[in-house]
Structure formats: structure tokens, C-alpha cells
Amino acid sequence: MSVILKVEVATPEKLLLSVESQFVVAPGEAGDIGVLPGHTPLMTLLRAGELQIGDEDEAQRFAVSGGFAEVLPDRVTLLVDEALPLADIDQEKSIRQLQDAMEKISGLNDELPEYHVQLRRIAFAEACIALLKKMSGSKGH
């Protein structure tokens, strides 16, 4: 059995990350999914949230939008619409994006495709803001 996972994160534009790690936590649609080498194969939907690659102390962290994850015993592949490394998240920009999406959604019928586009924008902006808040709070510990 492998003791390492090949982890790839891809957006429609590019392969964002390809690394080896011993641990991954992804924001599954039904809750966070922790993956260690040897994990049972599965495919799942992802929600917007935090992606952690590596153990808590040395993890690479990303805010990701919804998408899909394929988990194999030696590999985790995440296909997401958007992903931002923690270091690239701009709090003011995320707040502006959240406010803009909330304004745009306010007058839309929930049956329109644009309504669901704005819902995804809101979820991703909230994921970015939550990750920044979590990490700024953990620095004092």
C-alpha cells in the first residue's frame, strides 16, 4: 500500500497544483472528507470551502468553489471552477465580490440560471473570507 498520495487540483483553465502529500481534507457536499493513502475509491461532489493538503502544521490551504473529487488509494483529483491559495486571497476583494453577488441575486427568480451563478459566487466569496478568518484566528494560538 502506498504511503503517499498524488494530489492534483485543476480548474477549467489549468492544472493549479500537482503535489505529493500524506493527508487531504476536502469540502465534500455532505461534509468534509479526510483522505489518507489507501482510502477506498470514491467520487463525490464538492461544495465551496477549504481544501487542506498536508497535516495541520504544514498544510497548503486553498479556498475552492464547488466541483468534483475522485479519490483512489494513491491519488486525489479535484476538479473545481475556482481555487485560490490562502496567500492569494484578498479580503477586501472577497467582500466586494460577496456584496456584488448578493446585490445581483436579490431580484432574481431562483429558476433562472443567473441565480445559481450568483449563489456559487456567494459561496466561493464566503469560503475565501472564512478561510482568512480561520487562519488569522489560529495565528494567535
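Looking across the stretch 80-131 at every residue that is of a type in the set (A, V, I, L, M, F, W, C) and over 16 Å from the mean Cα position of the chain (by Cα), the one that is nearest to E8 (Cα to Cα) is identified as V117.
Only residues that are at pLDDT below 95, part of a helix (DSSP H, G or I) and either under 20 Å from L46 (Cα atoms) or among the polar types (S, T, N, Q) (or both): list them for the stretch 92-113, please. Once the filter is applied, which keeps residues that are at pLDDT below 95, part of a helix (DSSP H, G or I) and either under 20 Å from L46 (Cα atoms) or among the polar types (S, T, N, Q) (or both), the stretch 92-113 yields only P113. For the stretch 31-45, the count of residues that are surrounded by 17 or more Cβ atoms within 10 Å (Cβ to Cβ), among the charged types (D, E, K, R) and outside the structural domain of A125 (by TED's automatic domain parsing) is zero. If I filter the stretch 59-72 for residues that are assigned by TED's automatic domain parsing to the domain that holds L17 and of a type in the set (V, I, T), do I get at least one hit? The answer is yes; a qualifying residue exists.
Scan the stretch 1-29 for residues that are closer than 15 Å to A69 by Cα and more than 14 Å from the chain's Cα centre (by Cα) and jot them down. Scanning the stretch 1-29 gives L5, K6, P12, L15, S18, F23.
Whenever a residue of the stretch 101-112 is in the same structural domain as A127 (by TED's automatic domain parsing), its partners that are of a type in the set (V, I, T), lying with C-beta atoms within less than 8 angstrom and at least six residues away or across chains, give the pairs A101/I122; M102/I122; I105/I122.
The values are calculated or read from the model by the stated rules, or taken from the named source; none is laboratory data. Note that the structure is a prediction, hence the values are computed from the model and not measured. Neighbour counts are summed over all protein chains in view; Cβ atoms, including those assigned to glycine, are modelled from backbone coordinates with ideal geometry.
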